[in-house]
Amino acid sequence: MEKWLIVGLGNPGLKYAHTRHNVGFDAVDTLAKSLKTRISRMSCGAKIARLEFDEMKFVIAKPLSFMNLSGGPVGCLANANEVPSDHWIIIHDDIDLPSGALRIRKSGSNGGHKGIASIIQETGKSDFYRIKIGVGRPETKDEVVDFVLSRTKDEGLGEAIKKAAQACLFLIKEGYQAAGNKFNFVPKDQDELE
């Protein structure tokens, strides 16, 4: 039976809940709800849900190690559940994309994201899927930390979180190219995706 590991990146604790940096957590919570399950069990330093769906096994996870140490829990979960790295989907925020944008990528560098950097460093793997949710960026570099750790009522961002959850199952069923064609999106008032 095919196995998949779907991980939303974020920081644990109420202080960080529903901030821009935690859109990955929000997306996997949305996915779990759509599959009528909850991410509530503990394994490998992460909250997880395990389920079978469409003749496949899934582990949906939220690492509780803080963003820049995500690699430990991801590697542990992948090993414990025997999921190869080309069957990992990592959902995370991206300040280089406008708020509400969505981009699906396969493999590559960390793109400056500390959670992705940790996963690559800890596991030695970079051939996994990433679903990037654009959160925009502040006007100056000095404001980045406060910006990503703040909450927003941006409806476009809320919609992107829902679409990221939908994109997971579509990507698994229909493949990378089809998923990119359907879900890669930039708000109309922003520049086109490269």
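Structure notes:
- In the condition set (1) within 24 Å of GLY175 (Cα to Cα); (2) touching a Cys at 6+ places or on another chain (Cβ under 8 Å); (3) free of Cβ contacts under 8 Å to residues at least 60 places away in the same chain; (4) of a type outside the set (Val, Ile, Thr), LYS57 is compliant with all but (2).
- Wholly within region 50-107, strands (runs of 3 or more DSSP E) carrying at least 3 residues that are under 14 Å from the mean Cα position of the chain (by Cα), at pLDDT 95 or above and closer than 11 Å to ILE6 by Cα: 56-63, 88-94
- Only one of the numbered conditions (1) surrounded by fewer than 20 Cβ atoms within 10 Å (Cβ to Cβ); (2) assigned to a helix (DSSP H, G or I) is not met by PRO12, and that is (2).
- For region 15-49, residues that are part of a loop (DSSP other than H, G, I, E, B) and either touching a residue at least 40 places away in the same chain (Cβ under 8 Å) or aliphatic (A, V, I, L, M) (or both) total 4.
- The set of residues in region 116-145 that are surrounded by 15 or more Cβ atoms within 10 Å (Cβ to Cβ) and at pLDDT below 95 comprises GLY134, VAL135, GLY136, ARG137.
- Those residues of region 82-96 which are under 11 Å from ILE133 (Cβ atoms) and surrounded by 22 or more Cβ atoms within 10 Å (Cβ to Cβ), in sequence order: ILE91, HIS92, ASP93, ASP94
The values are calculated or read from the model by the stated rules, or taken from the named source; none is laboratory data. What you see is a predicted model, and the numbers here were worked out from it, not measured in a lab. Glycine gets a Cβ as well: all are built from the backbone with ideal geometry, and neighbour counts include every protein chain shown.
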